[in-house]
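Asks: Here it is, the structure, as structure tokens.
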């Protein structure tokens, strides 16, 4: 749980911005490698919500692959990292309504930007080492 401060909001925004750029770099660097294997490479950055400190706000980066030949295009592998998640909880359970006794909490990824970039690269290498 984090205290909701401007400093925390700035840290979240900086991490989101850096990972948005990293996502673009991954697509540029790795798409052709997967295409040569008839695989489609996905790298997506998603934000749900508009206020970092309101329940329901969640930012993630995910990478995955799908078989280009498969008409359904279902993802074969998917790796998701949640950057920031804000939720209302009571007794450890997420709730959507403001129930007396509930509280709003936020969870920021523990890893540094450098560690996340390394994790994404290692996951891509793992995807490439597998047979599909």
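Asks: Taking segment 98-112 only, how many residues are assigned to a strand (DSSP E or B) and out of contact with any helix residue (DSSP H, G or I) (no Cβ under 7 Å at 6 or more places or on another chain)?
Replies: Summing the residues that are assigned to a strand (DSSP E or B) and out of contact with any helix residue (DSSP H, G or I) (no Cβ under 7 Å at 6 or more places or on another chain) in segment 98-112 gives 5.
Asks: Among the numbered criteria (1) at pLDDT below 95; (2) in contact with a helix residue (DSSP H, G or I) (Cβ under 7 Å, 6 or more places away or on another chain); (3) within 20 Å of residue 115 (Cβ to Cβ), which single criterion is violated by residue 15?
Replies: Answer for residue 15: the failing condition is (1).
Asks: To continue, here is another question. Kindly indicate whether any position in segment 91-100 is in contact with a strand residue (DSSP E or B) (Cβ under 9 Å, 6 or more places away or on another chain) and modelled with pLDDT of 95 or more.
Replies: no
Asks: So which residues in segment 79-89 are over 22 Å from residue 5 (Cβ atoms) and surrounded by 13 or more Cβ atoms within 10 Å (Cβ to Cβ)?
Replies: 79, 81, listed by residue number.
Asks: Residue under question is residue 125, and the condition is that it be within 25 Å of residue 17 (Cα to Cα), out of contact with any helix residue (DSSP H, G or I) (no Cβ under 7 Å at 6 or more places or on another chain) and surrounded by fewer than 13 Cβ atoms within 10 Å (Cβ to Cβ); does it hold?
Replies: yes
Asks: Quickly run through segment 1-31 and pick out the residues that are more than 14 Å from the chain's Cα centre (by Cα), under 30 Å from residue 72 (Cβ atoms) and buried (at least 16 other Cβ atoms within 10 Å of the Cβ).
Replies: Of everything in segment 1-31, just one residue is more than 14 Å from the chain's Cα centre (by Cα), under 30 Å from residue 72 (Cβ atoms) and buried (at least 16 other Cβ atoms within 10 Å of the Cβ), namely 30.
Asks: Further question on the same structure: Could you tell me whether any residue of segment 113-132 is within 25 Å of residue 53 (Cα to Cα) and part of a loop (DSSP other than H, G, I, E, B)?
Replies: No, every residue in segment 113-132 fails to be within 25 Å of residue 53 (Cα to Cα) and part of a loop (DSSP other than H, G, I, E, B).
Asks: Checking residue 116 against (1) surrounded by fewer than 16 Cβ atoms within 10 Å (Cβ to Cβ); (2) in contact (Cβ under 8 Å) with a residue 60 or more places away in the chain, which single condition isn't satisfied?
Replies: All conditions pass for residue 116, except number (1).
Asks: For the list (1) under 24 Å from residue 9 (Cα atoms); (2) surrounded by fewer than 16 Cβ atoms within 10 Å (Cβ to Cβ); (3) within 14 Å of the chain's Cα centre (by Cα), I need the number of the one condition that residue 92 fails.
Replies: Failing condition for residue 92: (3).
Rundown of residues vs (1) at pLDDT below 95; (2) within 25 Å of residue 103 (Cβ to Cβ); (3) in contact with a strand residue (DSSP E or B) (Cβ under 6 Å, 6 or more places away or on another chain); (4) surrounded by fewer than 18 Cβ atoms within 10 Å (Cβ to Cβ), yes/no style:
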| residue | (1), (2), (3), (4) |
| --- | --- |
| 33 | yes, no, no, yes |
| 36 | yes, no, no, yes |
| 39 | yes, no, yes, no |
| 49 | no, yes, no, yes |
| 57 | no, yes, yes, no |
| 60 | no, yes, yes, no |
| 65 | yes, no, yes, no |
| 70 | yes, no, no, yes |
| 73 | yes, no, yes, yes |
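The values are calculated or read from the model by the stated rules, or taken from the named source; none is laboratory data. No experiment lies behind these values; they were computed from the predicted model shown. Methodologically, a virtual Cβ is constructed for each residue, glycine included, from the backbone with ideal geometry; neighbour enumeration extends over all protein chains shown.
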